[in-house]
Amino acid sequence: MLPLAAVLSALLLTPAAGAAPTPLKWGALTVTVTPRPAGNFEAQARAVVRNGARTVLTVTDWDIEATLQPIRPGGLPELVLSAFSGGAHCCFTQYVFTQDGGRVENLAVFDAADDPGRWTDLNGDGTREFVWGSNTLTYYDWSFAESPFPLTVLGWDGVRLADRTRAYAYVPGQEAARELKVVLDGLAEGQGTDALKPRLSGYYANMILAGRGAEAERVLAAQVFARAPGLRAWFTAHRTDLINATYAQPEGRVRAVNSSSYPVREPDQP
């Protein structure tokens, strides 16, 4: 996952700073993203999908990027409008559309929160999955900068975009290995509980997502807790919270909403 500073720098240096609208052809349709005016941080960018002179849909946010991603097999690639609200590290939203059914339909509005994520083909089948760092552990018992982001995979399951992390268990598994190395290196350097508990939690959460939670507990008992009683005590006190947060995964963040204007106002919004 990209460091926060790199993500924000990339966003601020993209055409959001007053560049001319960028057209994108999507089959017979045209997608035009108009950036917010340079220097006007209160303004918003606007993405418009048109069929000739007719407006099909619009998306507005502080910054928007339009890309074509092959998410479902067959047909045209899907249109993904990646939106950023302009906050310090939040919020990112993925709007996914298809026109394979003969009209434009929304496949997903995904609240990605703190991580922009990335689309990539994980299994070489020509379609792409969305790899995303969940924010369910941010600020838990540490600062945002120290927070672990357990890796989650969204992919097409034949009906909708869904949590497919277990099908690509190596993704969180590799992240878990990186987190464990940081913990073991930190122990060798004499780092204490406060420094290592975020990384220990990142290891444990990613192992749970990979379907290897019981293995993680055995590894921690053998390689970490025998050397760090403080970490053992902290983990024992917080284990249930970590499990609950890890399983609070993205299904509740994904929904399909057909509309001509996004974001869609909720019933309790003015």
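No value in this document is a laboratory result; all are computed from the given coordinates. This structure is a prediction, so every number in the text was calculated from the model and none was measured. Please note: Cβ atoms are built from the backbone with ideal geometry, for glycine as well, and neighbour counts cover all protein chains shown.
The table below gives the values:
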quantity: 0 to 90° range, to nearest 10: angle between helix 193-209 axis and the chain longest Cα axis; calculated: 60 degrees
quantity: Per-residue Cβ neighbour rank within 10 angstrom, fewest leading, 147, 134; calculated: 147, 134
quantity: Under Karplus coefficients 6.51, -1.76 and 1.60, residue-wise ³J(HN,Hα) of region 100-112 in Hz, glycine/proline x; calculated: 5, x, x, 8, 6, 10, 7, 8, 6, 10, 10, 7, 8
quantity: For region 117-252, the fraction of alpha-carbon pairs in successive 10 Å shells from zero, as %; calculated: 12, 44, 30, 12, 3, 0
quantity: 5 angstrom amide H check on residue 129, placed H, neighbours 5+ away; calculated: 120, 121, 122
quantity: Under the Karplus curve 6.51 cos²θ - 1.76 cosθ + 1.60, θ = phi - 60°, whole-Hz ³J(HN,Hα) for region 253-266, x wherever Gly or Pro sits; calculated: 9, 10, 8, 9, 9, 7, 7, 9, 8, 10, x, 7, 5, 6
quantity: Integer Hz, Karplus 6.51/-1.76/1.60 couplings in order for region 71-80, x for Gly and Pro; calculated: 9, 10, x, x, x, 6, x, 7, 8, 10
quantity: Sum of side-chain charges, residue 119 neighbourhood, beta-carbon under 15 Å (Lys, Arg +1; Asp, Glu -1); calculated: -2
quantity: Region 132-236: chymotrypsin sites (Phe, Trp or Tyr not before Pro) in DSSP loop, at most 13 other beta carbons within 10 Å; calculated: 139, 144
quantity: Taking 25, 181, 197 and counting other C-beta atoms within 10 Å, the order from fewest to most; calculated: 25, 181, 197
quantity: Enclosed volume per residue, in Å³, of the convex hull spanned by Cα atoms of the chain; calculated: 146 Å³
quantity: Check: the chain dipole with +1 on Lys, Arg Cβ and -1 on Asp, Glu Cβ, in debye; calculated: 400 debye
quantity: Environment charge at residue 197 (Cβ cut-off 10 Å; Lys +1, Arg +1, Asp -1, Glu -1); calculated: -2
quantity: Ellipticity estimate at 222 nm from DSSP helix runs (n ≥ 4, -39,500 (n - 2.57)) divided over the chain, nearest 500; calculated: -8500 deg cm²/dmol
